[in-house]
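Notes follow once the structure below has been shown.
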Amino acid sequence: MAARRSAGRRNSTGRRYGKAASKSVASAMRRRKSGTLRSGPGGKGGRVKSRKQAIAIGLSEARSKGAKVPGRSTSKRTRAGNKSGGRAGRARGPRPASASKGGRKARA
């Protein structure tokens, strides 16, 4: 009888992250530990204290250098690109005054 593969094993498709990506993340983690890792464009934001944020910054830097890193997930990408703060469907401009606030349609 032929030996069967175990059902739990993944197909060997190679590495998901390249070596350069892991070096970039390791560098970001060291900078976080020493207190020099900062968020925001050009490091103008606050000091990074979160481990997850440090990993995200390291992967982002690796991506910009052209290392082998998977793209950002779609849920995070849409959240970051949405400038209205999660109010995509709401119309812009001043709200109409309601009766409770003493607007035009308020009862006398």
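Every number in this text was worked out from the coordinates using simple rules, so none of it is lab data. Since this is a predicted model, take the numbers as computed values, not measurements.
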Of LYS44/LYS68; LYS19/LYS52; LYS23/LYS49; LYS19/LYS44, those spanning more than 23 Å from alpha-carbon to alpha-carbon = LYS44/LYS68; LYS19/LYS44
Amide H to amide H under 5 Å from ARG38: which residues, 5+ apart in sequence or cross-chain, H placed 1.01 Å off N in plane?
-> VAL48
Relative contact order in percent for the stretch 16-72 (Cα pairs under 8 Å, 6+ apart) equals 47 percent
